[in-house]
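Here the structure is laid out as structure tokens; the discussion comes afterwards.
The values are calculated or read from the model by the stated rules, or taken from the named source; none is laboratory data. Small disclaimer: the values here were computed from a predicted structure and weren't measured. Using ideal geometry, Cβ is built from the backbone for each residue, glycine included, and neighbour counts are taken over all protein chains shown. What goes into the accessible areas is simple: the full protein's heavy atoms, side chains included, and nothing from ligands, DNA or RNA. Shrake-Rupley method; radii C 1.70, N 1.55, O 1.52, S 1.80 Å.
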Amino acid sequence: MATFTFTPHIGRLPTPPSHSFPTTSSKRKLKFNSVATTTRASLQTSPPTLSDPFVLQLAETLEDSLPSSSSPFPLHKLRESSSESLLSTPWPSRRDEPFRFTDVSFIKQSQIHPISNPPQSSDLSSIPLETQFTNVVIVDGHFVKSVSNLTELPNGVYVGSLIDLPSESIAKRVSDFVDRKFVGDLFWAINGVGAPDLTVVYVPAGCKVENPIHLRYFSIHGGEEGSNELAISNPRVLVMVENGGEIEIIEEFLSGDQGRSYWANPVLDVVIGSEGRVKHSYIQNQSLNAAHIKWTSVQQESTSAYELVEISTGGRLSRHNVHIQQLGPETTTELSTLHLSVGNQTQDLHSSLVLDHPRGYSRQLHKCIVANPQGQAVFDGNVKVNRYAQQTDAGQLTRSLLLEPRATVNVKPNLQIIADDVKCSHGAAISDLEETQLFYFQARGIDLKTARKALIFSFGSEVIERLPSSSVRKRVEHHIKELLNPTLETSQH
């Protein structure tokens, strides 16, 4: 494997004027300065698994970009735990198994600038209004209340910033969740250090939210097309659904300029109480020069249900890390994913589903279309059925469609079964369009180009049709056709 030499380039943007938050303690430095100095001095005599100077420099820059005033206690607690993780986590390389097929070196080689200032009114003029759904607008990691539509929420439902939580009981629930021991990878920890705020969606026990909550993420700032600059944003959202509550969440990631280069590094945490229901649509359509690395972490109590439908088409590098824990019996999890790579793109899904209790149910369908000779897709799906998860029904299927001779896909389905009374299955298939299917169309008078279009669109529609919202579904279908049509017109098949 080739050896790469990286020269870190990390810049700093001016920090905004200081302001105060209610009921907070004074901000404490996370001590990256002293640690970084000690680490650089000791690297010559210490194993390379110790602190990474580039990671420490990035963490220090993120910390310095945050407001100088105090933060709410849960957010400060999150930053502390994330900083501890960063102190011993190196930047990943292709030698690390989770990144064996995913090259993140171009991020490290870029000029990284944290986006510290909330967006100005001039930045918000290009954001389209959303009147159909209750919606939350997050611009470059900052929740923007002025252009969000938070009307007509049921009693007891809260959607907004952490600092505006309406009751101490909700604040305690959020604080208790932040104190949990779960730790993701390096990018999860970078978000924890650099998140300027925590957006909270809270559904009280027994409440069924009829209309979807639309989370719209916009990336406004970034380098011009062809530049070496990456403006990093770290949006973080917590969705907390108490026992018996129900909600539909739509996450949509958009770019103000499809040519800009930036690094979006979001995290979504979902907590579902007993008998709770969450439907989650995740649509990623960011700049083809951007890095988009997302974490979704889900905790499900007994008899709860979580359904994720993901459509990812944007980003030069797009990686989605999904970690789901079933924390009680008779729990249902359904994951459906469609990745499309029409350019020099990497579309990556790393998922982990842990079942620890009886009578759990899970289904995972992963589909990808690679329509460019320099494009690639990665799937690393792990389903672990532990000893006490008896009578579990788990299924996993990944199917990949390669439309160019040099297109690449790397799939690694992984089903680990320790329980003995289960019904589990998994499968994988990688191919171009089947000649017999094309012949079937041609035998009925349909030309080859039309036949290819119909088969490719139908391949992806199995996932698109699972989007709960009809308006979102139609918009996604139109977008997929727009992306694929130029590729199919020039196809040599």
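Return yes or no: is GLU248 of a type outside the set (Phe, Trp, Tyr), open to solvent by 20 Å² or more (accessible area, probe 1.4 Å) and in a strand (DSSP E or B)?
Numbers: of a type outside the set (Phe, Trp, Tyr): yes; open to solvent by 20 Å² or more (accessible area, probe 1.4 Å): yes; in a strand (DSSP E or B): yes.
The answer is yes for GLU248.
For the structure I just gave you, tell me whether ALA205 is at negative phi and either acidic (Asp, Glu) or outside any helix (DSSP H, G or I) (or both). Walk me through how you get there before you give the answer.
Numbers: at negative phi: yes; either acidic (Asp, Glu) or outside any helix (DSSP H, G or I) (or both): yes.
In short, yes.
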List pairs: first in the stretch 272-295 and in contact (Cβ under 8 Å) with a residue 12 or more places away in the chain and in a strand (DSSP E or B), second open to solvent by 10 Å² or more (accessible area, probe 1.4 Å) and small (Gly, Ala, Ser), Cβ under 8 Å, 6+ apart or cross-chain? ILE272/ALA305; ARG277/ALA305; VAL278/ALA305; SER281/SER469; ASN285/SER255; TRP295/GLY184
How many residues does the stretch 323-358 hold that are polar (S, T, N, Q), open to solvent by 30 Å² or more (accessible area, probe 1.4 Å) and either touching a His at 6+ places or on another chain (Cβ under 8 Å) or under 30 Å from THR303 (Cα atoms) (or both)? 3
Inter-residue pairs, beta-carbon under 8 Å, first modelled with pLDDT under 95 and in the stretch 331-357, second among the β-branched types (Val, Ile, Thr) and open to solvent by 20 Å² or more (accessible area, probe 1.4 Å), 6+ apart: VAL342/THR487
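At pLDDT 85 or above and of a type in the set (Lys, Arg) - does that describe any residue in the stretch 435-448?
We begin by selecting, within the stretch 435-448, every residue at pLDDT 85 or above; these are none.
No, every residue in the stretch 435-448 fails to be at pLDDT 85 or above and of a type in the set (Lys, Arg).
Can you tell me which residue within the stretch 288-306, out of those that are within 15 Å of the chain's Cα centre (by Cα) and either of a type in the set (Ser, Thr, Tyr) or under 18 Å from LEU215 (Cα atoms) (or both), is most open to solvent (accessible area, probe 1.4 Å)? Give the derivation first.
In the first step, residues of the stretch 288-306 are kept if they are within 15 Å of the chain's Cα centre (by Cα); the result is 290-298.
Okay, now just the ones that are also either of a type in the set (Ser, Thr, Tyr) or under 18 Å from LEU215 (Cα atoms) (or both), so 292-298.
Values: HIS292: 0, ILE293: 1, LYS294: 1, TRP295: 29, THR296: 0, SER297: 7, VAL298: 1 Å².
If we take residues in the stretch 288-306 being within 15 Å of the chain's Cα centre (by Cα) and either of a type in the set (Ser, Thr, Tyr) or under 18 Å from LEU215 (Cα atoms) (or both), then TRP295 is most open to solvent (accessible area, probe 1.4 Å).
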When restricted to VAL370, VAL422, VAL409, the only residue among the aliphatic types (A, V, I, L, M) and within 30 Å of ALA305 (Cα to Cα) is VAL422
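If I ask for residues that are under 16 Å from ALA195 (Cβ atoms) and in a loop (DSSP other than H, G, I, E, B), which ones from the stretch 122-152 would you list? Working first, answer last.
We begin by selecting, within the stretch 122-152, every residue under 16 Å from ALA195 (Cβ atoms); these are 136, 138-144.
Listed by number, the residues that qualify are ASP140, GLY141, VAL144.
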Pairs only if they're at least six apart or on different chains, beta carbon under 8 angstrom, first in the stretch 459-483 and surrounded by fewer than 14 Cβ atoms within 10 Å (Cβ to Cβ), second hydrophobic (A, V, I, L, M, F, W, C) and at pLDDT 95 or above; list them, first residue then second. GLU462/LEU365
Pairs where the first residue, in the stretch 191-207, is in contact (Cβ under 8 Å) with a residue 24 or more places away in the chain and the second is in a helix (DSSP H, G or I) and of a type in the set (Lys, Arg), C-beta under 8 Å, 6+ apart: GLY192/ARG79; VAL193/ARG79; ALA195/ARG79; TYR202/ARG173
Right, PRO128: farther than 21 Å from PHE253 by Cβ and either touching a His at 6+ places or on another chain (Cβ under 6 Å) or not aliphatic (A, V, I, L, M) (or both) or not? no
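Can you spot a residue in the stretch 251-262 that is more than 23 Å from SER471 (Cβ to Cβ), in a strand (DSSP E or B), open to solvent by less than 20 Å² (accessible area, probe 1.4 Å) and touching a residue at least 40 places away in the same chain (Cβ under 8 Å)? Before the answer, list the steps.
Here is the first cut: in the stretch 251-262, the ones more than 23 Å from SER471 (Cβ to Cβ) are 257, 259-262.
Keeping just the survivors that are in a strand (DSSP E or B) gives 261-262.
Subsequent filtering for residues that are open to solvent by less than 20 Å² (accessible area, probe 1.4 Å) retains 261-262.
Then keep just the ones that are touching a residue at least 40 places away in the same chain (Cβ under 8 Å); that gives 261-262.
Scanning the stretch 251-262 turns up at least one residue that is more than 23 Å from SER471 (Cβ to Cβ), in a strand (DSSP E or B), open to solvent by less than 20 Å² (accessible area, probe 1.4 Å) and touching a residue at least 40 places away in the same chain (Cβ under 8 Å).
If you check GLN111, GLN57, which single one turns out to be in contact with a strand residue (DSSP E or B) (Cβ under 8 Å, 6 or more places away or on another chain), open to solvent by 50 Å² or more (accessible area, probe 1.4 Å) and within 23 Å of PHE218 (Cβ to Cβ)?
Values: GLN57 fails: within 23 Å of PHE218 (Cβ to Cβ).
After ruling out the rest, the residue left standing is GLN111.
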Is it true that LEU397 is surrounded by 22 or more Cβ atoms within 10 Å (Cβ to Cβ) and either in contact with a helix residue (DSSP H, G or I) (Cβ under 6 Å, 6 or more places away or on another chain) or not hydroxyl-bearing (Ser, Thr, Tyr) (or both)? no
Looking at the stretch 403-420, I want the residues that are within 22 Å of ARG319 (Cα to Cα) and have a partner that is among the β-branched types (Val, Ile, Thr) and open to solvent by 40 Å² or more (accessible area, probe 1.4 Å) with Cβ atoms under 6 Å, at least 6 apart or on another chain. Which pairs are those? VAL409/ILE430
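Looking at TYR361, TYR282, which is the one that is modelled with pLDDT of 95 or more, aromatic (Phe, Trp, Tyr), out of contact with any helix residue (DSSP H, G or I) (no Cβ under 7 Å at 6 or more places or on another chain) and open to solvent by 10 Å² or more (accessible area, probe 1.4 Å)?
Matching residue, one of TYR361, TYR282: TYR361.
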All-but-one check, SER175 against (1) assigned to a loop (DSSP other than H, G, I, E, B); (2) open to solvent by less than 50 Å² (accessible area, probe 1.4 Å); (3) among the polar types (S, T, N, Q), failing number (1)
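Please determine whether any residue of the stretch 178-195 is over 22 Å from the mean Cα position of the chain (by Cα), at negative phi and either in a loop (DSSP other than H, G, I, E, B) or among the acidic types (Asp, Glu) (or both).
Initial filter on the stretch 178-195 (over 22 Å from the mean Cα position of the chain (by Cα)): none.
Checked the stretch 178-195: no residue is over 22 Å from the mean Cα position of the chain (by Cα), at negative phi and either in a loop (DSSP other than H, G, I, E, B) or among the acidic types (Asp, Glu) (or both).
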Which one of these is out of contact with any strand residue (DSSP E or B) (no Cβ under 8 Å at 6 or more places or on another chain), outside any loop (DSSP other than H, G, I, E, B) and polar (S, T, N, Q): SER85, SER71, SER116, SER93? SER85
Under 6 Å between Cβ atoms, at least 6 apart or on separate chains: pull out the pairs that start in the stretch 128-154 with a residue that is open to solvent by less than 20 Å² (accessible area, probe 1.4 Å) and end on any residue that is β-branched (Val, Ile, Thr) and part of a loop (DSSP other than H, G, I, E, B). VAL137/VAL144; VAL139/ILE220; ASP140/ILE115; ASP140/ILE220
Taking the stretch 409-423 and keeping only residues that are under 24 Å from ALA377 (Cβ atoms) and not charged (D, E, K, R), one is left with VAL409, ASN410, VAL411, PRO413, ASN414, LEU415, GLN416
